[in-house]
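For reference, the structure is listed below as structure tokens.
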Amino acid sequence: MTSQTKSTLTYEDAIKELESLLSQLEGGQLPLEQAIETYRRGAELIRFCQEQLKEAEQKVLILTHGELNEFENGSSSS
């Protein structure tokens, strides 16, 4: 990873960077080579975020003893 290493990059920072990269690409003002590099960095960040989400899911599974339950909406039906 170029801006930040995997060890210091957080999920939230990766999402912010992705949003910035997307804005740059949507602006249509980047030269071709820079657009390609921006796209490559975005793909790298997406993979990082997917890994982070998968790890979080595994932690939740461990904490819930392997069962994923629906969240309650907070209103009681009794």
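The values are calculated or read from the model by the stated rules, or taken from the named source; none is laboratory data. Values in this document were obtained by computation on a predicted structure and should not be read as measured data. Cβ coordinates were reconstructed from backbone atoms using ideal geometry, including for glycine residues, and neighbour counts include every protein chain displayed.
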*asked:* I'd like to verify a number: residues in segment 5-26 that are loosely packed, with under 12 Cβ neighbours inside 10 Å and touching a helix residue (DSSP H, G or I) at 6+ places or on another chain (Cβ under 8 Å), how many?
replied: 1
*For segment 27-43, name all the residues that are of a type in the set (D, E, K, R) and either surrounded by 15 or more Cβ atoms within 10 Å (Cβ to Cβ) or in contact with a His (Cβ under 9 Å, 6 or more places away or on another chain) (or both).*
R41
*Pick from segment 2-37 the residues that are within 12 Å of C49 (Cβ to Cβ) and outside any helix (DSSP H, G or I): which of them is modelled with the lowest pLDDT?*
K6
